[in-house]
Amino acid sequence: MGYLLCIYQVLYLYMRLISKSSFKLAIRFQLMLLIAAAVLLKGCMGSNGHSKESEEPGFENSLVGAIEVDTTMAKIKTIHQLIEVPGIAKASKDVEAVTGSSGLVEKVYVKNGNLVKEGTILVQLDDHDARIELNKAQLGLQKAKIDLQSAKLGFQSLLEKDKEEADSLLNNLMIISGYKDAQIQLEVAQHNLKKTRLTARFNGVVNELSVIESQTLNTGDLVCRLTDPGSLEIEAKLLETDYSLIRIGYPIEIKAIDNDTPIKGKIIDINPRVDENGLVNILIKPEQTQGLLPGMHTTVFIMIPKKNTLVVPKTSIVIRSGREVVFTYEEGNAKWKYVQTGIDNGTEVEVTEGLEPNMPVITSDNLQLAHDAPVRIR
């Protein structure tokens with residue numbers, strides 16, 4: 001305040017001299033004013049002639065109260081290195097439902113997306129001809145049975161003797177009478193009738209339904225696909241350089257394109273062959289398949305474990321002068337520690353040099369901290 005009053009008085013005197021005194025006298029007062037300004041500037045500087053700086057370049061020591069921070073302990077634990085690869089969802093139980101015979105589509109019982117149980121009728125073809133053939137086969141069997149009974153009358157005494165000889169004779173009589181042939185014809189007719197109904201081979205979801213009622217189909221035409229959603233797996237391709245890092249059973253996180261919530265899983269198969277693009281196929285089984293569809297593109301994060309290493313939260317790492325720094329909490333002050341780091345999985349970082357286990361590290365409000373800055377734990 002005294003400096004400001006002094007400058008005000010000098011300026012007031014200067015203005016009066018400009019209007020009443022000679023030009024030389026005004027120049028002298030201008031020099032006096034510059035000298036006074038220089039004295040004021042020097043008073044604002046530190047006693048050693050320069051502004052106070054922190055112990056590290058570019059960061060000032062705090063002149064305010066202690067900063068509230070969060071802390072945690074540097075721990076020896078397992079950290080997972082993440083390898084990110086693309087993947088595609090595929091079902092191990094995914095079949096084409098095709099017609100077993102030709103004919104007109106009489107009824108379509110399902111729609112795309114329907115969840116059906118094993119044995120559910122999907123499509124019914126016109127079975128008129130098949131039922132006629134079945135009736136004919138049933139009549140043929142009845143006639144053959146009558147013929148067999150007539151044939152047995154002439155050999156009644158032989159059929160009551162030795163069992164082995166009687167069985168051989170009876171088999172011959174069944175052939176001669178046409179009974180066995182009639183049995184086969186009935187089985188064929190029953191099978192042909194069954195083929196007019198297309199049923200679900202297992203519990204699954206109907207997809208790619210491609211037929212409508214009154215449409216004519218040939219034997220082997222595709223009707224739909226049936227997929228068991230519980231059998232969905234993720235097929236991913238890994239760079240051959242990372243092949244030695246992975247093992248069956250390693251934990252996995254899967255992210256679908258339209259779902260940010262990761263799905264946990266594990267590696268269940270590794271194909272020991274490198275393709276022409278330098279990639280290795282791996283198969284992943286998710287813990288649950290909700291939100292996944294066959295053919296869906298996913299991102300797979302393979303977690304490679306490294307045990308018994310020093311780990312800190314990623315938020316405790318800051319960059320100063322191009323180097324990685326961690327602030328530790330020591331008796332109410334922040335202590336500046338240069339560190340060397342290893343694995344970084346996005347949430348945790350491995351520290352290979354610069355810290356000791358169980359050191360309390362500052363994890364928040366550390367971007368502008370200086371060495372020995374006063375801090376207190378929230």
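Below, the figures for the structure above:
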{"item": "Cross-chain or 6+ apart pairs with Cβ under 6 Å, region 320-335 first and touching a residue at least 24 places away in the same chain (Cβ under 8 Å), then of a type in the set (S, T, N, Q) and in a strand (DSSP E or B)", "result": "Tyr329/Thr71; Lys335/Thr328"}
{"item": "All positions within region 186-219 that are of a type in the set (Ser, Thr, Tyr) and touching a Cys at 6+ places or on another chain (Cβ under 7 Å)", "result": "Ser210"}
{"item": "Qualifying residue in region 264-272 (condition: touching a residue at least 24 places away in the same chain (Cβ under 8 Å) and either at positive phi or buried (at least 17 other Cβ atoms within 10 Å of the Cβ) (or both))", "result": "yes"}
{"item": "Region 233-266 - residue that is of a type in the set (Ser, Thr, Tyr) and modelled with pLDDT of 90 or more and, of those, farthest from Lys306 (Cα to Cα)", "result": "Thr241"}
{"item": "Residue count for region 88-111, restricted to those that are in contact with an Asp or Glu (Cβ under 7 Å, 6 or more places away or on another chain) and polar (S, T, N, Q)", "result": "2"}
{"item": "Residue list for region 142-200, restricted to those being at pLDDT below 80 and either part of a loop (DSSP other than H, G, I, E, B) or outside the structural domain of Val116 (by TED's automatic domain parsing) (or both)", "result": "Gly154, Phe155, Glu160, Lys161, Asp162"}
{"item": "Among (1) aliphatic (A, V, I, L, M); (2) exposed (fewer than 13 other Cβ atoms within 10 Å of the Cβ); (3) under 30 Å from Leu222 (Cβ atoms), the one test that Ile176 misses", "result": "(3)"}
{"item": "One residue from Val110, Val123 being closer than 30 Å to Glu235 by Cα, outside any helix (DSSP H, G or I), within 42 Å of the chain's Cα centre (by Cα) and of a type outside the set (D, E, K, R)", "result": "Val110"}
{"item": "Identity of the residue in region 331-378, polar (S, T, N, Q) and more than 17 Å from Thr315 (Cβ to Cβ), that ends up surrounded by the most Cβ atoms within 10 Å (Cβ to Cβ)", "result": "Asn333"}
{"item": "Extreme residue, modelled with the highest pLDDT, among residues of region 281-314 that are of a type in the set (S, T, N, Q), outside any strand (DSSP E or B) and loosely packed, with under 15 Cβ neighbours inside 10 Å", "result": "Gln288"}
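The values are calculated or read from the model by the stated rules, or taken from the named source; none is laboratory data. Not measured: the values here are computed from a predicted model. Counting neighbours? That spans all protein chains shown, and the Cβs are built from the backbone with ideal geometry, glycine included.
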